[in-house]
1. Which condition does residue 1 not pass, out of (1) under 13 Å from the mean Cα position of the chain (by Cα); (2) surrounded by fewer than 16 Cβ atoms within 10 Å (Cβ to Cβ); (3) in a loop (DSSP other than H, G, I, E, B), if it passes all the others?
2. Name the residues in the stretch 52-62 that are more than 12 Å from residue 3 (Cβ to Cβ), assigned to a helix (DSSP H, G or I) and in contact (Cβ under 8 Å) with a residue 40 or more places away in the chain, would you?
3. Which one is modelled with the highest pLDDT among residues in the stretch 4-22 that are exposed (fewer than 14 other Cβ atoms within 10 Å of the Cβ) and in a loop (DSSP other than H, G, I, E, B)?
4. Are any residues in the stretch 6-17 closer than 12 Å to residue 58 by Cα and free of Cβ contacts under 8 Å to residues at least 24 places away in the same chain, and if so, which ones?
5. For the stretch 23-51, which positions are closer than 13 Å to residue 4 by Cβ and part of a helix (DSSP H, G or I)?
C-alpha cells in the first residue's frame, strides 16, 4: 500500500519516503491491513511518520518502531496533538 497519500503536509526527501514506504508496506502486511481508510492503517502511517520526523531513515528500524509501539498497546494519541513520553 503506498505511503505517499499519508504524507500530505509533510516534507521528506526521496530516500526518507522510500524507507517509510518499505516500512509501511511491511507493517500493513504484518497487521493484514488492505484498506487505506482503516483507522489502524492511518495510525501505523502516522507512527512511521513520527519516527521519520525524529530522524530515523532505516526501513527495518521504522518498521520495528511501529511493531514495538503496537505490541506495547499504548493508548492512541489524539490526532494533531503531540505524543508525550515519560
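The values are calculated or read from the model by the stated rules, or taken from the named source; none is laboratory data. No experiment lies behind these values; they were computed from the predicted model shown. Positions of Cβ are generated from backbone atoms using ideal geometry, with glycine treated the same way; all protein chains shown enter the neighbour counts.
1. Condition (2) is where residue 1 drops out.
2. Just the residues of the stretch 52-62 that are more than 12 Å from residue 3 (Cβ to Cβ), to begin with: 53-58, 60-61.
Now drop any that are not assigned to a helix (DSSP H, G or I), which leaves 53, 60-61.
Scanning the stretch 52-62 gives a single hit, 53.
3. Result: 13.
4. Going through the stretch 6-17, the residues closer than 12 Å to residue 58 by Cα turn out to be 15-17.
Listed by number, the list holds a single entry, 17.
5. Just the residues of the stretch 23-51 that are closer than 13 Å to residue 4 by Cβ, to begin with: 24-25, 36, 45, 48-49.
24, 25, 45, 48, 49, listed by residue number.
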